[in-house]
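**Student:** So that we are looking at the same thing, I have put the structure below in structure tokens.
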Amino acid sequence: MIYKRKSKLGTIIKIIIVITLILFVYACYNVDYFKNNKYVVMVKAKISETMGTITNNNGSLSSLIENYEPDNEDNTVYEITDIQNRYYYNQLDENSKIIYAEILENVDKIKNGEDNIRISSKLSSLASSEDMQAELMNSFQNAWDAFRNDNVDIFYIDGSKMCLLTKTIKRGKKVNYEFYISKGKNSNYLIDEFSTSKQVDDAIMFVEKAENEILQTVTEKNDYHKIVKIHNWIIDNLQYNLQESDNNSNIYGALKEKKVVCEGYARLFKSLMDKLEIPCVLVSGEGIDLDTGNTENHAWNYVYLKGNWYAIDSTWDDPVIIGSGTVDEDIKYRYFLKGSEYFDKSHVPDGNLVENGMEFIYPELSVEDYVKEK
């Protein structure tokens, strides 16, 4: 039998390491330079926290592991401060507000097609729910509905291509969740008009330029006259589109093609009101033809002026003219700054934007029409 003699050098090295560690620990608690070093302070705090956790769990290391939460968990919650023109956002519950803010914070990533965008783990509050997935889907849908109607300038995202993924992480009895925005099997999140972020950037630049040109013509100081100017520009420059189009319902179609349906009219009106800092809400529901009784899905606006909300339907103020005729002045302002007594006879708002979604509440209109200013 051959015995292998232990190396004296190895033993000496081990002794030096132990002595060094002892001296370091002593210095951490007794030498001012080490006591005040921020990195040493962090290490000491972490050791104290860990020992305290073990003590609180009756000295059970397995219990500590089961309740461990990683330091890189994303608990950031983005706050939205410019809530004046976010009428829909203000009606959401806390989980939907978190998702709304995450979509807004990650708009560029979504535009660029990034998949599995990590969002706040604060949504873990839903973990106590028996049907977490259903509640998450509902919160996500409500957040998107509010986002789409508040942010009419973000016209290029197709909400049907965006979903919320949940990743479940188990450590013993402890379960944590991670949440991601995903495009699923789609190649991007964009509406069919666009296939690349470059095309979107070009469209955004076009919209900004076109809107700025319109706004430069608004020299009036009075909000009433500003509203009149925008209302008239829309009527004089847009046409109701009777044909199918990818951009029938957004501000890009309204400014680029000048042909849209009622939602395109209403979205452009809101976009310009937002830039003029005049409170404005996109409203959807049913329009009623008082002559025939026929109804149709319809969109219009409520605008805030002199302490009250009034209705404006720029689409119906711009009827389809056969031939070379023009819109009569009486028709042009038939649905301009109207109160509920007149407007609600032909317009029925519906706060249920999607089936089984939350019911949003619209502002209460003034009963009387706005008195025209000179």
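The values are calculated or read from the model by the stated rules, or taken from the named source; none is laboratory data. The structure presented is a predicted model; accordingly, all values stated were derived computationally and were not measured. Here Cβ is always computed from backbone atoms with ideal geometry, including for glycine, and neighbour counts include all displayed protein chains.
**Student:** Inside segment 260-299, can you point out the residues that are under 20 Å from ILE204 (Cβ atoms) and either surrounded by fewer than 20 Cβ atoms within 10 Å (Cβ to Cβ) or charged (D, E, K, R) (or both)?
**Tutor:** GLU263, ARG267, LYS270, ASP274, LYS275, LEU276
**Student:** Sticking with this structure for a sec: Looking at segment 196-208, can you tell me whether even one residue there is surrounded by fewer than 16 Cβ atoms within 10 Å (Cβ to Cβ) and assigned to a loop (DSSP other than H, G, I, E, B)?
**Tutor:** Yes, that holds for at least one residue.
**Student:** Do you know which residues across segment 142-165 are assigned to a loop (DSSP other than H, G, I, E, B) and β-branched (Val, Ile, Thr)?
**Tutor:** Residues satisfying the conditions are VAL152, ILE154.
**Student:** Hey, ILE251 hits all of (1) more than 21 Å from the chain's Cα centre (by Cα); (2) modelled with pLDDT of 95 or more but one; which does it fall short on?
**Tutor:** Every condition holds for ILE251 apart from (1).
**Student:** Further question: Of all the residues that make up segment 118-129, how many are within 30 Å of GLN199 (Cα to Cα) and either at pLDDT 95 or above or assigned to a helix (DSSP H, G or I) (or both)?
**Tutor:** Within segment 118-129, residues that are within 30 Å of GLN199 (Cα to Cα) and either at pLDDT 95 or above or assigned to a helix (DSSP H, G or I) (or both) number 0.
**Student:** Could you tell me whether segment 122-133 includes any residue that is of a type outside the set (Lys, Arg), under 30 Å from LEU268 (Cα atoms) and either assigned by TED's automatic domain parsing to the domain that holds GLY264 or over 12 Å from the mean Cα position of the chain (by Cα) (or both)?
**Tutor:** Checking segment 122-133: not a single residue is of a type outside the set (Lys, Arg), under 30 Å from LEU268 (Cα atoms) and either assigned by TED's automatic domain parsing to the domain that holds GLY264 or over 12 Å from the mean Cα position of the chain (by Cα) (or both).
**Student:** Let me ask something else about it. So GLN216 passes all but one of these: (1) farther than 26 Å from ILE278 by Cα; (2) surrounded by fewer than 13 Cβ atoms within 10 Å (Cβ to Cβ); (3) at pLDDT 90 or above; (4) not acidic (Asp, Glu). Which condition number does it fail?
**Tutor:** (1)
**Student:** Taking segment 155-177, which residues are surrounded by fewer than 18 Cβ atoms within 10 Å (Cβ to Cβ) and within 20 Å of ILE117 (Cα to Cα)?
**Tutor:** Residues satisfying the conditions are ASP158, GLY159, SER160, CYS163, LEU165, THR166, LYS167, THR168, ILE169, ASN176, TYR177.
**Student:** Name the single residue that is farthest from ASN232 (Cα to Cα) among those in segment 300-352 being modelled with pLDDT under 90 and aliphatic (A, V, I, L, M).
**Tutor:** Filtering first and then ranking leaves ILE322.
**Student:** Scan segment 159-182 and give yes if some residue there is in the same structural domain as ILE99 (by TED's automatic domain parsing), of a type outside the set (A, V, I, L, M) and under 22 Å from LYS270 (Cα atoms), otherwise no.
**Tutor:** Checked segment 159-182: at least one residue is in the same structural domain as ILE99 (by TED's automatic domain parsing), of a type outside the set (A, V, I, L, M) and under 22 Å from LYS270 (Cα atoms).
**Student:** Test LEU242 against the criterion of being touching a residue at least 12 places away in the same chain (Cβ under 8 Å) and assigned to a strand (DSSP E or B), and give yes or no.
**Tutor:** It is false that LEU242 is touching a residue at least 12 places away in the same chain (Cβ under 8 Å) and assigned to a strand (DSSP E or B).
**Student:** Among the listed residues ASP192, ASP115, ASP145, ASP150, which satisfies the condition of being touching a residue at least 40 places away in the same chain (Cβ under 8 Å) and outside the structural domain of ASP93 (by TED's automatic domain parsing)?
**Tutor:** Just a single option satisfies the conditions, and that option is ASP192.
**Student:** Which one is modelled with the lowest pLDDT among residues in segment 133-154 that are crowded, with 17+ Cβ neighbours inside 10 Å and farther than 30 Å from GLU208 by Cα?
**Tutor:** Here the residue is LEU136.
**Student:** Let me ask something else. Can you run down the residue pairs with Cβ atoms below 7 Å, 6 or more apart or on separate chains, where the first is in segment 316-345 and farther than 24 Å from ASP223 by Cβ and in the same structural domain as CYS280 (by TED's automatic domain parsing) and the partner is at pLDDT 60 or above and not in a loop (DSSP other than H, G, I, E, B)?
**Tutor:** Here the result reads PRO319/ILE331; VAL320/TYR240, each pair linking segment 316-345 to a residue that is at pLDDT 60 or above and not in a loop (DSSP other than H, G, I, E, B).
**Student:** Could you check TRP300 against (1) in contact (Cβ under 8 Å) with a residue 60 or more places away in the chain; (2) in contact with a His (Cβ under 7 Å, 6 or more places away or on another chain) and say which number it fails?
**Tutor:** For TRP300, the exception is condition (1).
**Student:** Right, another one. Which condition from (1) assigned to a helix (DSSP H, G or I); (2) under 18 Å from ILE110 (Cα atoms); (3) among the polar types (S, T, N, Q) is the one that SER187 breaks?
**Tutor:** (1)
**Student:** What number goes with the only condition from (1) surrounded by fewer than 20 Cβ atoms within 10 Å (Cβ to Cβ); (2) assigned to a loop (DSSP other than H, G, I, E, B) that ASN247 does not pass?
**Tutor:** Evaluating ASN247 over (1) surrounded by fewer than 20 Cβ atoms within 10 Å (Cβ to Cβ); (2) assigned to a loop (DSSP other than H, G, I, E, B) leaves (1) as the failure.
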